[in-house]
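Peer 1: Mind having a look at this structure? Questions to follow.
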Amino acid sequence: MRAINYALAASLLVAAPAAVAQQQLSIATGGTGGTYYPYGGGLAELINEHVEGYDAVAEVTGASVENMGLVWRGDSDMALALADTVYQAYNGTGDFEGRQLENIRALASVYPNAVQIVTMADSGIDSLSDLEGKTVSVGAPGSGTELNARAVLESNGITYDEIEERRFNFNETADALRDGDIDAGFWSVGPPTSSIMNLATTRDIRLIGLTDEEVANAREASPVFAPYQLRAGLYEGMEEPVQTIGIPNILATSAEMDEELAYQVTKTLFEHTDQLIAIHPAANDTTVKFSVDSTPIAFHPGALRYYEEQGVEIADHQRP
């Protein structure tokens, strides 16, 4: 009996390393109707496959603003967020006035969002100024979409006092447009996005373009904005390209993340991008060049090590 017990103990000791649990990583994303959730899910799959010892999962959240708080508090290990939100959190400006989140660091800028303003084709709304007096969804509370919507509107002379604002997520915005409960809605998301695609298959929609002057006004209000053109055919019935603005999306983390883990996640992201592209076409823009050209805050030292290995030039503001 004693020999059997010793054998059992020995077998348990041998098996113990294999039984050690994977360390859990959470990736804060956004709503299921946007790009963050499928992109974050794809990144989680890459980490599970290529980063030894870790098991990652994508979490549904209220998106950018909420995500910064989740990373800062340590409730999430990584988060996707719009560059203007990350910039404000890092510097303690805008929505983060008086509450600077100085421990936020970037792993990468992964793809650009486009501000997409959608209405029904027969709404009579043809321009940004036509939104005055209308009921408009400006994005979910705590989302980067609302930050972008407010910046675009206010920089062009339209305050919330001049619209009936609604704070809906992407799927809710699409449903409200379909049901006639709102006149227009803002999305700030990597195009194409499923909620607009689904809406366009059942209703005739119009995307509202911005003039050169409106783009310039928005860029003056937010330094991370850039001109962006939504291509013709992006959504069903969209026959002409539409001018708008784009904003980089950042994969952010805390300065406290282990340096080797940050290096491995960054390396995996860029060396297995083809797997992400198969999940969402926004990943076509996930390149080292886009990342170093677009990131407005300091990189995590682990990410910085990967970029330096690639021989790319790092700006002073991107160094911790």
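The values are calculated or read from the model by the stated rules, or taken from the named source; none is laboratory data. Note that the structure is predicted; figures quoted are calculated from it, not measured. Glycine also receives a Cβ, built like all others from the backbone with ideal geometry; neighbour counts cover every protein chain displayed. Heavy atoms of the whole protein, side chains included, go into the accessibility calculation; ligands, DNA and RNA do not. Shrake-Rupley method; radii C 1.70, N 1.55, O 1.52, S 1.80 Å.
Peer 1: Filter region 122-134 down to residues that are of a type in the set (D, E, K, R) and part of a loop (DSSP other than H, G, I, E, B) and give me whichever is most open to solvent (accessible area, probe 1.4 Å).
Peer 2: First pass over region 122-134, keeping only residues of a type in the set (D, E, K, R): 122, 126, 130, 132, 134.
With part of a loop (DSSP other than H, G, I, E, B) added as a condition, the list becomes 122, 126, 132, 134.
Values: Asp122: 139, Asp126: 99, Glu132: 85, Lys134: 62 Å².
Out of the qualifying residues, it is Asp122.
Peer 1: Still on this structure, please answer the following. Determine, yes or no, whether Glu154 is open to solvent by less than 60 Å² (accessible area, probe 1.4 Å) and under 22 Å from Phe225 (Cβ atoms). Break it down stepwise before answering.
Peer 2: Numbers: open to solvent by less than 60 Å² (accessible area, probe 1.4 Å): no; under 22 Å from Phe225 (Cβ atoms): yes.
Here the answer is no, as Glu154 does not meet what is asked.
Peer 1: When the residues of region 255-280 are narrowed to those that are in contact with a strand residue (DSSP E or B) (Cβ under 9 Å, 6 or more places away or on another chain) and over 20 Å from Glu52 (Cα atoms), which ends up surrounded by the most Cβ atoms within 10 Å (Cβ to Cβ)?
Peer 2: Among those that are in contact with a strand residue (DSSP E or B) (Cβ under 9 Å, 6 or more places away or on another chain) and over 20 Å from Glu52 (Cα atoms), it is His280.
Peer 1: State whether one or more residues within region 188-205 are over 20 Å from Thr32 (Cα atoms), not in a strand (DSSP E or B) and not hydroxyl-bearing (Ser, Thr, Tyr). Quick ask: steps written out before the conclusion?
Peer 2: Step one: of region 188-205, the residues over 20 Å from Thr32 (Cα atoms) are 203-205.
Next cut, not in a strand (DSSP E or B) only: 203-204.
Still in the list and also not hydroxyl-bearing (Ser, Thr, Tyr): 203-204.
Taking every residue of region 188-205 in turn, at least one turns out to be over 20 Å from Thr32 (Cα atoms), not in a strand (DSSP E or B) and not hydroxyl-bearing (Ser, Thr, Tyr).
Peer 1: Within region 216-229, does at least one residue satisfy the condition of being charged (D, E, K, R) and open to solvent by 70 Å² or more (accessible area, probe 1.4 Å)?
Peer 2: First, pick out the residues of region 216-229 that are charged (D, E, K, R): 219-220.
If we keep only those that are open to solvent by 70 Å² or more (accessible area, probe 1.4 Å) too, we end up with 219-220.
Scanning region 216-229 turns up at least one residue that is charged (D, E, K, R) and open to solvent by 70 Å² or more (accessible area, probe 1.4 Å).
Peer 1: Counting just the residues of region 26-51 that are out of contact with any helix residue (DSSP H, G or I) (no Cβ under 9 Å at 6 or more places or on another chain) and open to solvent by 40 Å² or more (accessible area, probe 1.4 Å), which one comes out nearest to Gln264 (Cα to Cα)?
Peer 2: Step one: filter region 26-51 for residues out of contact with any helix residue (DSSP H, G or I) (no Cβ under 9 Å at 6 or more places or on another chain), giving 37, 40, 44, 48.
If we keep only those that are open to solvent by 40 Å² or more (accessible area, probe 1.4 Å) as well, we get 37, 48.
Working: Tyr37: 21, Asn48: 12 Å.
Selected residue: Asn48.
Okay, residues lined up against (1) within 20 Å of Gly62 (Cβ to Cβ); (2) not charged (D, E, K, R):
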position: Gly133; (1), (2): no, yes
position: Ala151; (1), (2): yes, yes
position: Ile163; (1), (2): no, yes
position: Thr173; (1), (2): yes, yes
position: Glu214; (1), (2): no, no
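Peer 1: Among the residues of region 304-320 satisfying the criterion of being free of Cβ contacts under 8 Å to residues at least 60 places away in the same chain and open to solvent by 70 Å² or more (accessible area, probe 1.4 Å), which is farthest from Asp77 (Cα to Cα)?
Peer 2: Quick first cut of region 304-320, residues free of Cβ contacts under 8 Å to residues at least 60 places away in the same chain only: 304-317, 319.
Filter once more, so that each one left must be open to solvent by 70 Å² or more (accessible area, probe 1.4 Å): 305, 308-310, 313, 316-317, 319.
Working: Arg305: 19, Glu308: 23, Glu309: 24, Gln310: 25, Glu313: 27, Asp316: 25, His317: 23, Arg319: 20 Å.
Across region 304-320, the extreme among qualifying residues is Glu313.
Peer 1: Under 8 Å between Cβ atoms, which residue pairs at least 6 apart in sequence (or on different chains) link something in region 38-62 that is assigned to a helix (DSSP H, G or I) with a partner that is of a type in the set (Phe, Trp, Tyr) and buried (at least 19 other Cβ atoms within 10 Å of the Cβ)?
Peer 2: Tyr39/Tyr111
Peer 1: Between residues in region 252-277 that are closer than 22 Å to Ala63 by Cα and residues that are surrounded by fewer than 18 Cβ atoms within 10 Å (Cβ to Cβ) and small (Gly, Ala, Ser), which pairs lie under 7 Å by C-beta distance while being six or more apart or on different chains?
Peer 2: So the pair list comes out as Ser254/Gly74.
Peer 1: Here's another thing I want to ask about it. Under the condition of being surrounded by fewer than 22 Cβ atoms within 10 Å (Cβ to Cβ) and modelled with pLDDT of 95 or more, which residue from region 184-198 is farthest from Asn148 (Cα to Cα)?
Peer 2: Asn198
Peer 1: Another question about this same structure. Considering each residue of region 52-77, count those that are in contact with a helix residue (DSSP H, G or I) (Cβ under 7 Å, 6 or more places away or on another chain), crowded, with 20+ Cβ neighbours inside 10 Å and either modelled with pLDDT of 95 or more or among the polar types (S, T, N, Q) (or both), and give that number. Working first, answer last.
Peer 2: Our first condition is that a residue be in contact with a helix residue (DSSP H, G or I) (Cβ under 7 Å, 6 or more places away or on another chain); within region 52-77, this holds for 54-58, 60-61, 63-65, 68, 76.
Next, only the ones that are crowded, with 20+ Cβ neighbours inside 10 Å stay: 56, 58, 61, 63-65, 68, 76.
Add one more test, that the residue is either modelled with pLDDT of 95 or more or among the polar types (S, T, N, Q) (or both), and what stays is 56, 58, 61, 64, 68, 76.
Residues that pass the stated criteria total 6.
Peer 1: Would you call Pro301 open to solvent by 40 Å² or more (accessible area, probe 1.4 Å), touching a helix residue (DSSP H, G or I) at 6+ places or on another chain (Cβ under 6 Å) and not assigned by the TED database to the domain that holds Met120? It would help to see each step written out before you state the result.
Peer 2: Numbers: open to solvent by 40 Å² or more (accessible area, probe 1.4 Å): yes; touching a helix residue (DSSP H, G or I) at 6+ places or on another chain (Cβ under 6 Å): yes; not assigned by the TED database to the domain that holds Met120: yes.
For Pro301, the condition - open to solvent by 40 Å² or more (accessible area, probe 1.4 Å), touching a helix residue (DSSP H, G or I) at 6+ places or on another chain (Cβ under 6 Å) and not assigned by the TED database to the domain that holds Met120 - is met.
Peer 1: If you go through region 94-121 one residue at a time, how many are among the acidic types (Asp, Glu) and either farther than 15 Å from Trp72 by Cβ or not in a helix (DSSP H, G or I) (or both)? Step through it out loud before you land on a result.
Peer 2: Just the residues of region 94-121 that are among the acidic types (Asp, Glu), to begin with: 95, 97, 102.
Keeping just the survivors that are either farther than 15 Å from Trp72 by Cβ or not in a helix (DSSP H, G or I) (or both) gives 97, 102.
Residues meeting the conditions: 2.
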